[in-house]
1. Less than 20 Å from a label point 7 Å out along the Cα-to-Cβ axis of Ala81: which backbone N atoms in segment 27-68 qualify, by residue?
2. Quickly work out the Ala45-to-Asp73 label distance, labels modelled 7 Å from Cα along the C-beta direction, and quote it in nm with one decimal.
3. Please label the shape of segment 22-61 as rounded, prolate or oblate, based on the square roots a ≥ b ≥ c of the eigenvalues of the alpha-carbon gyration tensor (a/c under 1.5 means rounded; beyond that, a/b larger than b/c means prolate, else oblate).
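Where a number appears in this text, it was derived from the coordinates with a stated rule and is not lab data. What you see is a predicted model; the values in this text were computed from it and never measured. So basically every Cβ, Gly included, is an ideal-geometry build from the backbone, and we count neighbours across all protein chains shown.
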Amino acid sequence: MAKPQHSKRVPGRPLTEAVGLSPEMLRRLGSRWFTTVEQVLGAAATPEGRDGLCRILQLEPGELEALLNRLRDQLRPETAAALKKTAQGGAMGLLTKPEAGGAPAGKSPSPDDVEPQGEDGEPHR
């Protein structure tokens, strides 16, 4: 019996199949490890993400919004709607609240607030 082949493809709609992206846009996004429409739309869920996409793609905000709308139109409506929501989390994608003595309430910790740890989970000394 043949061994099943596992796909290394990231789930989602590949950018190479998306309508509205120029070869240069594909190159720029690919150089930043974007491979799917969902990844681009997820990054655009925050103002910082949209600013970053404007810089990567060298687009004005209005041009980026038009592109994002074209990309959303290529997904199922429920998927596109979910990707418009801002994900919970703080700086560096942290999903936990800082412990006492960390960043003030309502403020995400900065990289300076996070103590580097080794593989054993102990702080570097």
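1. Hits in segment 27-68 for Ala81 at 20 Å: 38-39, 41-46, 68.
2. Spacing of the two 7 Å Cα→Cβ label points: 2.4 nm.
3. Because a/c hits 1.5 or more and a/b fails to exceed b/c, segment 22-61 counts as oblate.
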